[in-house]
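Every number here is computed from the coordinates shown, using simple stated rules; none is lab data. The shown structure was predicted, so the numbers you read here are calculated from the model rather than taken from an experiment. All Cβ positions, even for glycine, are placed from backbone atoms using ideal geometry, and neighbour counts span all protein chains on display.
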Amino acid sequence: METDLESVERQLRIDPRLRGFEIRSEGEELHLEKHEEKFARLSPSDMKGEWRMETFQETEEWEIGSFSGTLEECLDFLTTHPRYQFWER
């Protein structure tokens, strides 16, 4: 888990699209936040190296996302799909 957290932290530092995000681990989950609002949580799936992504929507409930992939693929998905960037609406 520590290497996964470090990997996401490194992405947050080098990718300008992710500027302002913070990451923290909570159990096996990784939580991405911006401005102290939960934005997305990533949970390891049963397949090694794959993560399931859930996002926090305006309904103030977790919506189970239909996206799974590596950590890098999840971060890329978040930055390229404005629907999941609710704070910018």
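Points worth noting:
- Using a simple spin-label model with pseudo-atoms 7 Å out from Cα toward Cβ, Glu9 and Glu72 lie 2.0 nm apart.
- Residue ranges 70-81, 41-52 sort as 70-81, 41-52 when ordered by packing (mean number of other C-beta atoms within 10 Å per residue, highest first).
- Amide H contacts for Thr70 (H built 1.01 Å from N in the peptide plane; partners 5 or more residues away or on another chain; cut-off under 5 Å): Trp51.
- Whole-Hz Karplus values for the stretch 14-28 come out as 9, 9, x, 5, 9, 4, x, 7, 10, 10, 8, 9, 9, x, 8 Hz, taken residue by residue from phi with 6.51 cos²θ - 1.76 cosθ + 1.60 and θ = phi - 60°; glycine and proline positions read x.
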